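These notes are about the structure you will find just below.
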Amino acid sequence: METSPDTRSSLYAREEWHRCVSTVGTPQPNPDPRNRRRDCRYTVPLARATLTLAGAESAAIVEAQVVNVSANGLMLRVRHPVSPGTPVWVDIDIDGARGALVGRIVHMTQCLGGYKLGIQLEFPENIA
């Protein structure tokens with residue numbers, strides 16, 4: 001499956017993404033007061049994403065399950081490891097709302113059945 005600029009979803013602007021996150025997700029409780037996350041995390045049942053990983057030689061397409069979303073990031077579950085620092089294009093479908101996001105993998109954690117990827121988002125107004 002090839003993803004080209006012609007077949008990709010349009011990029012979410014920051015305000016659009018924030019509105020989507022706050023209306024389709026269920027807020028996750030923060031049981032640990034030492035947790036310093038600045039944004040509320042939302043669970044979004046059955047949400048799927050397709051990652052296009054930018055590589056030095058070529059791009060790779062990876063299917064992912066959305067674990068949670070926030071105003072400035074995503075956590076996705078994938079089957080194979082992906083190195084932190086990798087730039088990504090994320091085509092995402094949340095409750096029928098399709099759009100695209102750009103970001104960078106900031107951490108990877110092995111979990112049952114694969115790996116969790118933390119992705120920090122970059123919005124069009126911040127991309128030079």
Exercise for the section: Run residue 82 past the list (1) of a type in the set (Val, Ile, Thr); (2) over 22 Å from residue 23 (Cβ atoms); (3) in contact with a Lys or Arg (Cβ under 9 Å, 6 or more places away or on another chain) and report the number of the one that doesn't hold. Expected result: (3)
Handout entry: Extreme residue, farthest from residue 10 (Cα to Cα), among residues of segment 60-101 that are outside any strand (DSSP E or B) and without any contact (Cβ under 8 Å) to a residue 24 or more places away in the chain
Key = 85
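For segment 17-30, check the following and say yes or no: at least one residue is under 16 Å from residue 120 (Cβ atoms), modelled with pLDDT of 85 or more and buried (at least 16 other Cβ atoms within 10 Å of the Cβ).
Yes, that holds for at least one residue.
Find the residue count for segment 63-114, including only residues that are hydroxyl-bearing (Ser, Thr, Tyr) and crowded, with 18+ Cβ neighbours inside 10 Å. If you could, list the steps in order and put the result at the bottom.
Going residue by residue through segment 63-114, those that are hydroxyl-bearing (Ser, Thr, Tyr) are 70, 83, 86, 109.
From the residues that got through so far, the ones that are crowded, with 18+ Cβ neighbours inside 10 Å too are 70, 86.
The total comes to 2.
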Exercise for the section: Could you please let me know if residue 9 is among the small types (Gly, Ala, Ser), at pLDDT below 80 and under 17 Å from the mean Cα position of the chain (by Cα)? Expected result: yes
Exercise for the section: Among the residues of segment 44-61, count how many are modelled with pLDDT of 85 or more and either buried (at least 17 other Cβ atoms within 10 Å of the Cβ) or of a type outside the set (A, V, I, L, M) (or both). Expected result: 6
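The values are calculated or read from the model by the stated rules, or taken from the named source; none is laboratory data. This one's a predicted model, so the numbers in the text were calculated from it and none came from an experiment. When we count neighbours, we look across all protein chains shown, and the Cβ atoms used for this are built from the backbone with ideal geometry, even at glycine.
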